[in-house]
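Q: Once you've had a glance at the structure underneath, I'll fire off some questions.
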């Protein structure tokens, strides 16, 4: 365990900011249209699937924190190097970096797709991706403090969106929710599995952990953030189920945005046009922190300056956005990412937890033996 | 973070003003006991100006001074009469004879020359190489007046003027305390301007004082004509449009800062004083908020914040909605909006830029003209050009209202420097809105947010107390909390003594 | 990197121009406020749209343009060919269907509107008696903007709870629901005015029949909650209680307002569906002739019972009629689906069950007060 991260208190963040970090990385582009995907399996019990997925995040986060606590002040990259040795560890680290890149890229491309579908059908992909990437580069070069600040503001400034869910209730009926638990447990779990793409993001904990000042409070704020995310997804899902009927929900690509379409004020109609643009602020922390997570891993592998890294990374992402053109391609990408994320975010941390526990036991036994000798 | 070129970080230590301590250089001349040589030396060193007066007082004393720099009254009453009346034979006896507080002696030419240009009378005695410097400067300053740029209805009506000593005496009147520290620096290789750094010992954070002291002493400039220049030079990020230090001409606002643990800088010859560290939100708080009842102060604060948001985003939203997002316009607005624009030949972005440009022109012209004419130009220009523009069909009257409203709103900012920024950032946002509608506005918003997050003021986060969030401070900066709830100082300056007073439970009035 | 920053900016600036997107400047587009669909004479689809244009010469005017093509987008292109300004649909408020078209199938039209993100979900849909084109093209004396007029007409009546609401969202939702059919207001021209003349009821996206405008009240009573409705009914001779007054008239017209209602629907038998429908109404009596002594609690009680009975009968009649045309506009099917586990309900299956459905209607009406003059 010689690769722990030593930081001065100046670079660290307060534990309560972790709430905003975890919460803002979880909510991103997935929230636009996750209802349809979950509904396909779980039908009108989709909200139970959301709850199950939320529960799963709590369990996984618990394992993550326990694993991290063993190492004191280290991130996933360091732990993997320690557990598996240099070569396998670095190989796994590269996979994780690749995962961060794909997740980053997927958020970017999905948002661009929403803008193109909804507001500017004629706008070119490369233009949107350049503008967004420049903003992200500007934030990234400001350092972690700035990125956490963006997380904070993206949560605070987006709070007003939640009361907007009251508007669609006018056209909702409770009957849509009944009978509860009509589908079998397998379908519910399938539905929960479909939530993966939407609910991931909290794995940033693996990377940001060494940067937290009072590490004892980590689990408190993480679970609080997971809870509030689950609550938001749950309320959106409930409103959507009550607002749409099965047939319509399955055909609506971005159910959340269509939900907003009904909202009008005396000074403004068609709220979803504002919402789509405003979502830029909500996806910014996603993008920034995935980028940062990839950077943290990269500096473990090779010596690279942050400026150089961010430009290479952005260039790759930029050319990526040009490659993925059509909606089916994007959907395929999301499905694959969801599948991969399920193993990387949900299954692997539990596994790693068990391995570290075993290793800890093993080493402590060995130490005891050594002492005896 | 420091200002880069051309102010290179030279290690000249100008902290100690009298330069006896510095090692003598080779070309420094020393004084001679001979009178003629002495006069000639001074004349050479000062380029023999026409107002250099050489006066002999028999038997062996010579006075040299610059006529416009010394106080005539003191010169005749205290120096010349005393020298004539009392018998003096050594430089030390001269020192004793003169009833002047600031009096020094030196034999070094550079010290003497520096002293004569700051308003000293040089007294030389034949046969002695030591020269007495009696500092009796004539301080020309205008009398105190009300602050022009930061007027307020309730509260003190006195502003700083251009004299350093008057300003410091004003500050000392507000803070009667031995803890008020006053450090003096000389800045400017050629102009030698006095700069005073003020803070209250026991409240101000020592680390910040050190940082600021270091930044001032590190400055290597040849002149310093105003505190605004100084503030831009010692800012954390001089490239940002947002000021990171407050410039104020109100002594009460200055002292309010000091009491909250901030540091103040007063520059001789400048009627604006610097207060730092300053957070973004504090630029929008007026000193008057403290003087009003908290409900009313809260109302005017909220009004001001709304005004800022309107000022920055109203015109861009109009441009964005009319150019791209006609869907979001409510049905009732459609007809009036489209009819008001029916005659306008330009796209909305051009129309908006044109109007904003006219408003800025009027403001600039008003600022350059004498006050009375300036007001007239503003009113006449506004009404005449506005009406004519609408009738000629180059702008729509609805936009005219929006633009006028946002201009008006931008003037509610209690800091002139910040008000300028608010007006400036509107232009890029309008252009972005004209190109990409709400997406462009959001781009600009994110950029500004990140930019503000990146800034620091003297190392303190610029967006404090929003980020990092401090609940009490947050509440007290958006609204003004009543006094029983504000026992703590704001966190921006990281004060050593955190509490203003012991918090007491709020008592109902009848108990 | 810093050295090149300047050049990056220079390179980036031209992209400002290349990245330009298509503008929709408000005064340079023709806003379609209403669009109507008919069965075309030559092509498959005929559209009539009311387009609002702003011109410098005559402040604003409305063009009514009729075109024929095989898709609605194709029709938009054709409409564009006839107008000086680009036609956009983002401010569309009403969609009308000709009666003949409605009887054919409106499924694809609803889909087309749901697909288009610029079309608002809150636009109203209605059926025009006869064809849409003559309704819109008629030169009304007092109506400048026919699109706006019809929108206001619908909006006003729906807000006053005089007409059932049929926004695009609701129509789309019901169309894709297993247990509910769509319904829309019917519009027709009445001399120089436009009038709401009934409710069109659909089965599987095909209009099968219509209800009288007076029946709206009952449809709304069954379907949901009233917040402040108005209503009038006539008590026939048989329904008038014997001892209500001395000289029993042939009929008593009664009017109410500030009506609030709550419904409770319960499935009591799932094999041959049987529902208990309990409707609680609280209201204010505004008109009654001949005069009845409202001050007497007994009289009021009797009157309440009489009206309740009258309402139940009317409601049963409306339900029975809809059953006869196999159109479930009341969402009984949704209730069935939500009450029966694993019902695997489909539209066809429900329509089979619906025919033989039984509903036990019970109305409980309370007169809270009369006006300020008894």
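The values are calculated or read from the model by the stated rules, or taken from the named source; none is laboratory data. Here the structure is a predicted model, which is why all the values come from computation and not from measurement. As a convention, Cβ positions derive from the backbone with ideal geometry for all residues, glycine included, and neighbour counts pool all protein chains shown.
Q: I'd like to verify a number: residues in the stretch C:243-271 that are at pLDDT below 75 and touching a helix residue (DSSP H, G or I) at 6+ places or on another chain (Cβ under 9 Å), how many?
A: Taking the stretch C:243-271 and keeping what is at pLDDT below 75, we get C:243-248, C:258.
From what is left, the residues that are touching a helix residue (DSSP H, G or I) at 6+ places or on another chain (Cβ under 9 Å) are C:243-245, C:248.
Total satisfying the criteria: 4.
Q: Condition test on residue A:18, is it farther than 25 Å from residue A:272 by Cβ, in contact (Cβ under 8 Å) with a residue 60 or more places away in the chain and surrounded by fewer than 23 Cβ atoms within 10 Å (Cβ to Cβ)?
A: Working: farther than 25 Å from residue A:272 by Cβ: yes; in contact (Cβ under 8 Å) with a residue 60 or more places away in the chain: yes; surrounded by fewer than 23 Cβ atoms within 10 Å (Cβ to Cβ): no.
The answer is no for residue A:18.
Q: Just a yes or no: is a residue in the stretch B:488-498 on the phi > 0 side of the Ramachandran plot and either out of contact with any strand residue (DSSP E or B) (no Cβ under 6 Å at 6 or more places or on another chain) or not assigned by TED's automatic domain parsing to the domain that holds residue B:387 (or both)? Before you say what the answer is, go through the steps one by one.
A: Let us first name the residues in the stretch B:488-498 that are on the phi > 0 side of the Ramachandran plot, namely B:494.
Restricting the remaining residues to those that are either out of contact with any strand residue (DSSP E or B) (no Cβ under 6 Å at 6 or more places or on another chain) or not assigned by TED's automatic domain parsing to the domain that holds residue B:387 (or both) gives B:494.
Checking the stretch B:488-498: at least one residue is on the phi > 0 side of the Ramachandran plot and either out of contact with any strand residue (DSSP E or B) (no Cβ under 6 Å at 6 or more places or on another chain) or not assigned by TED's automatic domain parsing to the domain that holds residue B:387 (or both).
Q: Can you tell me which residues in the stretch C:326-346 are away from every other protein chain (no Cβ under 14 Å) and surrounded by fewer than 18 Cβ atoms within 10 Å (Cβ to Cβ)?
A: Within the stretch C:326-346, just C:326 meets the criteria.
Q: Looking for whichever is modelled with pLDDT of 90 or more and touching a strand residue (DSSP E or B) at 6+ places or on another chain (Cβ under 9 Å) here; the options are C:150, C:146. Which one fits?
A: Values: C:146 fails: modelled with pLDDT of 90 or more.
On inspection, the qualifying residue turns out to be C:150.
Q: Kindly establish whether residue B:359 is at pLDDT 85 or above, farther than 30 Å from residue C:151 by Cα and in contact with a helix residue (DSSP H, G or I) (Cβ under 6 Å, 6 or more places away or on another chain).
A: Values: at pLDDT 85 or above: yes; farther than 30 Å from residue C:151 by Cα: yes; in contact with a helix residue (DSSP H, G or I) (Cβ under 6 Å, 6 or more places away or on another chain): yes.
It is true that residue B:359 is at pLDDT 85 or above, farther than 30 Å from residue C:151 by Cα and in contact with a helix residue (DSSP H, G or I) (Cβ under 6 Å, 6 or more places away or on another chain).
Q: Here's something else I'd like to know. Checking residue C:237 against (1) crowded, with 17+ Cβ neighbours inside 10 Å; (2) under 16 Å from residue C:313 (Cβ atoms); (3) at pLDDT below 80: exactly one of these is not met. Which one?
A: Result: residue C:237 fails condition (1) only.
Q: With within 14 Å of chain B (Cβ to nearest Cβ), farther than 21 Å from residue A:259 by Cβ and in contact (Cβ under 8 Å) with a residue 60 or more places away in the chain as the only criterion, which of C:148, C:160, C:156 stands out? Write out each step before concluding.
A: On the way: C:160 fails: within 14 Å of chain B (Cβ to nearest Cβ); C:156 fails: in contact (Cβ under 8 Å) with a residue 60 or more places away in the chain.
Only one candidate passes the filter, namely C:148.
Q: Further question: For the stretch C:44-58, check the following and say yes or no: at least one residue is surrounded by fewer than 21 Cβ atoms within 10 Å (Cβ to Cβ) and either more than 14 Å from chain B (Cβ to nearest Cβ) or in a helix (DSSP H, G or I) (or both). Please lay out each step first, then the result.
A: If we filter the stretch C:44-58 for residues that are surrounded by fewer than 21 Cβ atoms within 10 Å (Cβ to Cβ), which is where we start, we get C:44-45, C:53, C:55-58.
From what's left, either more than 14 Å from chain B (Cβ to nearest Cβ) or in a helix (DSSP H, G or I) (or both): C:44-45.
The answer is yes, given that some residue of the stretch C:44-58 is surrounded by fewer than 21 Cβ atoms within 10 Å (Cβ to Cβ) and either more than 14 Å from chain B (Cβ to nearest Cβ) or in a helix (DSSP H, G or I) (or both).
Q: I need a count of the residues in the stretch C:111-134 that are touching a helix residue (DSSP H, G or I) at 6+ places or on another chain (Cβ under 8 Å), under 20 Å from residue C:31 (Cα atoms) and away from every other protein chain (no Cβ under 14 Å).
A: 2
Q: Separate question: When the stretch A:136-190 is examined, which residues are found to be part of a loop (DSSP other than H, G, I, E, B) and over 21 Å from the mean Cα position of the chain (by Cα)? Break it down into steps so the answer makes sense when it comes.
A: To start, the set of residues in the stretch A:136-190 that are part of a loop (DSSP other than H, G, I, E, B) comprises A:142-143, A:157-158, A:172-173, A:178-184.
Across the stretch A:136-190, the qualifying residues are A:142, A:172, A:173, A:178, A:179, A:180, A:181, A:182, A:183, A:184.
Q: Any idea which of (1) within 14 Å of chain A (Cβ to nearest Cβ); (2) crowded, with 17+ Cβ neighbours inside 10 Å is the one residue C:227 doesn't satisfy?
A: Residue C:227 satisfies all of (1) within 14 Å of chain A (Cβ to nearest Cβ); (2) crowded, with 17+ Cβ neighbours inside 10 Å except (2).
Q: Now a separate question. What about residue A:148, is it within 14 Å of chain C (Cβ to nearest Cβ), buried (at least 17 other Cβ atoms within 10 Å of the Cβ) and in contact (Cβ under 8 Å) with a residue 24 or more places away in the chain? Let's see the steps before the verdict.
A: Details: within 14 Å of chain C (Cβ to nearest Cβ): no; buried (at least 17 other Cβ atoms within 10 Å of the Cβ): yes; in contact (Cβ under 8 Å) with a residue 24 or more places away in the chain: yes.
So residue A:148 does not fit the description; no.
Q: For the stretch B:333-376: of the residues being within 14 Å of chain C (Cβ to nearest Cβ) and outside any helix (DSSP H, G or I), which is surrounded by the most Cβ atoms within 10 Å (Cβ to Cβ)? So that I can check it myself, show each step before the final result.
A: Let us first name the residues in the stretch B:333-376 that are within 14 Å of chain C (Cβ to nearest Cβ), namely B:333-352.
Now restrict to residues that are outside any helix (DSSP H, G or I): B:341-347.
Details: B:341: 26, B:342: 19, B:343: 19, B:344: 21, B:345: 10, B:346: 14, B:347: 17.
So, considering only residues that are within 14 Å of chain C (Cβ to nearest Cβ) and outside any helix (DSSP H, G or I), the one surrounded by the most Cβ atoms within 10 Å (Cβ to Cβ) is B:341.
Q: How many residues are within 17 Å of the chain's Cα centre (by Cα) and in a strand (DSSP E or B) when one looks only at the stretch B:185-217?
A: Total satisfying the criteria: 9.
Q: Inspect the stretch C:68-76 for any residue being in a strand (DSSP E or B) and touching a residue at least 12 places away in the same chain (Cβ under 8 Å) and give the result as yes or no. I'd like the intermediate steps shown before the answer.
A: Of the residues in the stretch C:68-76, the ones in a strand (DSSP E or B) are C:68-69.
Checking the rest, the ones that are also touching a residue at least 12 places away in the same chain (Cβ under 8 Å) come to C:68-69.
Looking for residues that are in a strand (DSSP E or B) and touching a residue at least 12 places away in the same chain (Cβ under 8 Å), one finds at least one in the stretch C:68-76, hence yes.
Q: Could you give me the residue pairs with C-beta distances under 9 Å whose first residue belongs to the stretch A:292-316 and is more than 14 Å from chain C (Cβ to nearest Cβ), whose second residue is buried (at least 21 other Cβ atoms within 10 Å of the Cβ) and not in a helix (DSSP H, G or I) wherever it lies, and which are 6+ apart or on separate chains?
A: A:293/A:75; A:296/A:75; A:297/A:75; A:300/A:75
Q: Still on this structure, please answer the following. Got a sec? Which of A:51, A:7 is more than 30 Å from residue A:112 (Cα to Cα), away from chain B (no Cβ under 14 Å) and modelled with pLDDT under 95? Outline the logic, then answer.
A: Values: A:51 fails: more than 30 Å from residue A:112 (Cα to Cα).
Checking each option against the conditions leaves just A:7.
Q: Being away from chain C (no Cβ under 11 Å), without any contact (Cβ under 8 Å) to a residue 24 or more places away in the chain and either out of contact with any helix residue (DSSP H, G or I) (no Cβ under 7 Å at 6 or more places or on another chain) or closer than 20 Å to residue A:262 by Cβ (or both): is that true of residue A:161 here? I'd like the intermediate steps shown before the answer.
A: Numbers: away from chain C (no Cβ under 11 Å): yes; without any contact (Cβ under 8 Å) to a residue 24 or more places away in the chain: no; either out of contact with any helix residue (DSSP H, G or I) (no Cβ under 7 Å at 6 or more places or on another chain) or closer than 20 Å to residue A:262 by Cβ (or both): yes.
For residue A:161, the condition - away from chain C (no Cβ under 11 Å), without any contact (Cβ under 8 Å) to a residue 24 or more places away in the chain and either out of contact with any helix residue (DSSP H, G or I) (no Cβ under 7 Å at 6 or more places or on another chain) or closer than 20 Å to residue A:262 by Cβ (or both) - is not met.
Q: So residue A:130 clears everything in (1) within 14 Å of chain C (Cβ to nearest Cβ); (2) farther than 25 Å from residue A:236 by Cβ; (3) without any contact (Cβ under 8 Å) to a residue 60 or more places away in the chain except one condition, right? Which one?
A: (3)
Q: Right, another one. Being facing chain C (nearest Cβ under 9 Å), under 19 Å from residue A:198 (Cβ atoms) and surrounded by 19 or more Cβ atoms within 10 Å (Cβ to Cβ) is the filter here; which residues of the stretch A:228-253 pass it?
A: Scanning the stretch A:228-253 gives A:243, A:244, A:249, A:252.
Q: Return yes when residue A:264 is surrounded by fewer than 24 Cβ atoms within 10 Å (Cβ to Cβ) and either closer than 30 Å to residue A:164 by Cβ or within 7 Å of chain B (Cβ to nearest Cβ) (or both) and no when it is not.
A: On the way: surrounded by fewer than 24 Cβ atoms within 10 Å (Cβ to Cβ): yes; either closer than 30 Å to residue A:164 by Cβ or within 7 Å of chain B (Cβ to nearest Cβ) (or both): yes.
Considered against the rule, which asks whether it is surrounded by fewer than 24 Cβ atoms within 10 Å (Cβ to Cβ) and either closer than 30 Å to residue A:164 by Cβ or within 7 Å of chain B (Cβ to nearest Cβ) (or both), residue A:264 comes out as yes.
Q: Give the residues of the stretch B:271-315 that are in contact with a strand residue (DSSP E or B) (Cβ under 9 Å, 6 or more places away or on another chain) and not in a strand (DSSP E or B), sorted by residue number.
A: Step one: of the stretch B:271-315, the residues in contact with a strand residue (DSSP E or B) (Cβ under 9 Å, 6 or more places away or on another chain) are B:272-280, B:282-283, B:287.
Correct list: B:272, B:277, B:278, B:279, B:280, B:282, B:283, B:287.
Q: Go through A:37, A:123 for me and flag whichever is touching a residue at least 24 places away in the same chain (Cβ under 8 Å) and either out of contact with any strand residue (DSSP E or B) (no Cβ under 9 Å at 6 or more places or on another chain) or part of a helix (DSSP H, G or I) (or both). Spell out how you get there, then give the answer.
A: Numbers: A:123 fails: touching a residue at least 24 places away in the same chain (Cβ under 8 Å).
Exactly one residue qualifies, and that residue is A:37.
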